[in-house]
Amino acid sequence: MLRLTIVAVAAALLAMLATLEVVGAQAFPPQARTEQGDEIRTLYMVVFIVAAVVFVAVEIAIVYIIFRYRRRGDALPKQTHGNMMAEVVWTVTPAVIVIALFVYSFIILENVESSPDAGEPVETIDVLGRQWTWAFRYSAELNTATASVLPEGEAQSTLAVTNPEAFAELAPFTTSLRIDVEHVRLVEVQEDGIVVDRAIDGTVAEEHPSGSKIWLLFDGTETRAEERLGGLEEDGVPTPVVTVPIGKTVRFNLAAVDVIHSFYTPEFLYKLDLVPGRVHAMWVDLNEEDVGPEGVYYEGQCAEFCGREHARMLFTVHALPLDAYTEWFDTQLAEALERLKPLPEPPPGAEPAGEAASAAVGDPVRGQQLFFTNGCNVCHGDQGEGGIGLTIAGTALALEEVIDQYRNPRDQMPVFPPDVIPDEDIADTYAWLQTLPSQ
């Protein structure tokens, strides 16, 4: 028996050594790249060490009992009936361990989920998850604020603002704004205020007091060809990229428009769900050092099963030094402002581009509303200029080809059957796209 035990233990040790790298990778999380991740990894190691000590102590006790009290004959060993000290030890010891771990875990969770101190600079990035892609929107503060209270729950609101001129160069309906974490869409500019659609892009219509800042939202989603999951690059399917600064706190506002998704980057050691009808905040402070101007990339993915193409709902985090990020941000903002300017009025008597063709197939005014209601802008941009999806403004495709793309999509576009989006709605959307200049 002793020989068999020695052989079995030796074989087990050899097997563990042979798979040490794999076992280590599965037993321990990767090195954290954020301050929050460092705290989470420390918590993990504390729990692991406590668990390892308990495991080793229990196994030693079991082995000792097996050999110390093994049967040596027919005589029964001395029997013990009840031991108050033993009862107290095996009740109090686990209770103390569990309470200590609970308190420490609560402290770490509070640190990870707490907002930074007042006055600390924060970069807010709105993350929108939808089957099966991501959109990342950035915010630029406008020189204006609310002059009246935005009530809770209204689908559309007329809002007095302190400086209506701040909206003079923005195109109504295609321009999205942010008040706190709620997304609103500019519908009309009036003399003393604006009309906004409430709670767009998965957010909730909340009450906002007078004096709340108003921010311009613009799409900063870029794409990057990758080879994850065996050939995304060959398939021509790009991966969305969210660009973040190093050396500045980042707040991700997470929202979903259809089902539950989960925003997960392994190096952050932290994931958070995107729940329709709610906005969750994730705070990130990257602690990378000695990073070149080109930055560093981290892989990310949806970590909550969300349907057929869940496995391909990938994204990439591109971390840039603060100076490089500021330069990138200014470039993106300038391009966004150019796209958000209203189209020039046509000369008197002239037909707008594409009006004759669009009138024959549908209602472009209704089509513009449907374009946003159905979420086409998430992938194709607010004016069909493209992004994650292709450029579709002024598309040269025939209406029949567009309808076929809805029903039998190529690439990563989801299927839209007739009971979800009728042919009439597609025709109206197509009519509006025809009125836009080709990008």
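The values are calculated or read from the model by the stated rules, or taken from the named source; none is laboratory data. This structure is a prediction, so every number in the text was calculated from the model and none was measured. Because the Cβ atoms are built from the backbone with ideal geometry, glycine has one as well, and the counts that use them run over all protein chains shown. Please note that ligands, DNA and RNA were not included when accessible areas were found on the heavy atoms of the full protein model with its side chains. Shrake-Rupley method; radii C 1.70, N 1.55, O 1.52, S 1.80 Å.
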For the stretch 336-376, give me each residue that is part of a helix (DSSP H, G or I), at pLDDT 80 or above and among the acidic types (Asp, Glu). Glu338
Given the criteria closer than 18 Å to Asn253 by Cα, open to solvent by less than 20 Å² (accessible area, probe 1.4 Å), in contact with a Leu (Cβ under 6 Å, 6 or more places away or on another chain) and at pLDDT below 90, does Ala140 qualify? no
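Taking Ala319 as the residue in question, decide whether it is at pLDDT below 80 and under 30 Å from Pro414 (Cα atoms). Steps first, answer last, please.
Numbers: at pLDDT below 80: no; under 30 Å from Pro414 (Cα atoms): yes.
Answer is no for this residue.
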Note on Asp330: of the conditions (1) surrounded by fewer than 17 Cβ atoms within 10 Å (Cβ to Cβ); (2) closer than 28 Å to Leu109 by Cα, unmet is (2)
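Can you tell me which residue among Glu299, Glu294, Glu289 is open to solvent by 40 Å² or more (accessible area, probe 1.4 Å), farther than 18 Å from Asp201 by Cα and touching a residue at least 60 places away in the same chain (Cβ under 8 Å)? Spell out the reasoning first.
Numbers: Glu294 fails: touching a residue at least 60 places away in the same chain (Cβ under 8 Å); Glu289 fails: touching a residue at least 60 places away in the same chain (Cβ under 8 Å).
Of Glu299, Glu294, Glu289, the one residue that is open to solvent by 40 Å² or more (accessible area, probe 1.4 Å), farther than 18 Å from Asp201 by Cα and touching a residue at least 60 places away in the same chain (Cβ under 8 Å) is Glu299.
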Just to check your reading of the model, which residue among Leu128, Leu150 is over 30 Å from Tyr325 (Cβ atoms) and surrounded by 15 or more Cβ atoms within 10 Å (Cβ to Cβ)? Leu150
Within the stretch 248-259, how many residues turn out to be in contact with a Pro (Cβ under 9 Å, 6 or more places away or on another chain) and either under 22 Å from Asp38 (Cβ atoms) or crowded, with 18+ Cβ neighbours inside 10 Å (or both)? 6
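Every residue, every condition in (1) part of a strand (DSSP E or B); (2) in contact with a Phe, Trp or Tyr (Cβ under 6 Å, 6 or more places away or on another chain); (3) acidic (Asp, Glu), yes or no:
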{"site": "Ile214", "(1), (2), (3)": "yes, no, no"}
{"site": "Thr223", "(1), (2), (3)": "yes, no, no"}
{"site": "Pro245", "(1), (2), (3)": "yes, yes, no"}
{"site": "Val259", "(1), (2), (3)": "no, no, no"}
{"site": "Phe263", "(1), (2), (3)": "yes, no, no"}
{"site": "Asp273", "(1), (2), (3)": "yes, no, yes"}
{"site": "Arg278", "(1), (2), (3)": "no, no, no"}
{"site": "Asp290", "(1), (2), (3)": "no, no, yes"}
{"site": "Tyr297", "(1), (2), (3)": "yes, no, no"}
Among all residue pairs at least 6 apart or on different chains, which show Cβ distances below 6 Å where the first residue, located in the stretch 311-333, is touching a residue at least 60 places away in the same chain (Cβ under 8 Å) and the second is open to solvent by less than 30 Å² (accessible area, probe 1.4 Å) and outside any strand (DSSP E or B)? Met313/Trp132; His318/Gly295; Ala319/Gly295; Leu320/Gly295; Gln332/Gly220
All positions within the stretch 377-398 that are open to solvent by less than 30 Å² (accessible area, probe 1.4 Å), modelled with pLDDT of 80 or more and of a type in the set (A, V, I, L, M, F, W, C): Ala393
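Using the structure shown, decide if Asp425 is open to solvent by less than 30 Å² (accessible area, probe 1.4 Å), of a type outside the set (Gly, Ala, Ser) and at pLDDT below 85. Working first, answer last.
Numbers: open to solvent by less than 30 Å² (accessible area, probe 1.4 Å): yes; of a type outside the set (Gly, Ala, Ser): yes; at pLDDT below 85: no.
No: the conditions fail for Asp425.
For residues that are of a type in the set (Val, Ile, Thr) and within 24 Å of the chain's Cα centre (by Cα), scanning just the stretch 155-204, find the one that is most open to solvent (accessible area, probe 1.4 Å). Can you show your working first?
In the first step, residues of the stretch 155-204 are kept if they are of a type in the set (Val, Ile, Thr); the result is 158, 161-162, 174-175, 179, 181, 184, 187, 189, 194-196, 200, 203-204.
In the following step, the residues that additionally are within 24 Å of the chain's Cα centre (by Cα) were identified as 174-175, 179, 181, 184, 200, 203-204.
Values: Thr174: 6, Thr175: 0, Ile179: 3, Val181: 16, Val184: 1, Ile200: 17, Thr203: 14, Val204: 53 Å².
If we take residues in the stretch 155-204 being of a type in the set (Val, Ile, Thr) and within 24 Å of the chain's Cα centre (by Cα), then Val204 is most open to solvent (accessible area, probe 1.4 Å).
Can you name every residue in the stretch 260-271 that is surrounded by fewer than 18 Cβ atoms within 10 Å (Cβ to Cβ) and either closer than 20 Å to Arg41 by Cβ or not assigned by TED's automatic domain parsing to the domain that holds Val241 (or both)?
Within the stretch 260-271, the first condition is being surrounded by fewer than 18 Cβ atoms within 10 Å (Cβ to Cβ), and the residues that meet it are 260, 266, 271.
The answer is Pro266, Lys271.
Tell me whether the stretch 243-259 contains one or more residues that are of a type in the set (Val, Ile, Thr), outside the structural domain of Cys376 (by TED's automatic domain parsing), over 28 Å from Asp117 (Cα atoms) and modelled with pLDDT under 85. Steps first, please.
Residues of the stretch 243-259 of a type in the set (Val, Ile, Thr): 243-244, 246, 249-250, 257, 259.
Adding the requirement that they be outside the structural domain of Cys376 (by TED's automatic domain parsing) leaves 243-244, 246, 249-250, 257, 259.
Subsequent filtering for residues that are over 28 Å from Asp117 (Cα atoms) retains 257, 259.
This time we only want the ones that are modelled with pLDDT under 85, so: 257.
The answer is yes; a qualifying residue exists.
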Odd one out for Lys78, checked against (1) open to solvent by less than 100 Å² (accessible area, probe 1.4 Å); (2) not assigned by TED's automatic domain parsing to the domain that holds Val46: (1)
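Can you pull out the strands (runs of 3 or more DSSP E) entirely within the stretch 64-167 that have at least 1 residues that are touching a helix residue (DSSP H, G or I) at 6+ places or on another chain (Cβ under 6 Å) and not hydrophobic (A, V, I, L, M, F, W, C)? Please lay out each step first, then the result.
Details: elements: 122-130, 133-145, 156-160.
The qualifying strands (runs of 3 or more DSSP E) are 122-130, 133-145.
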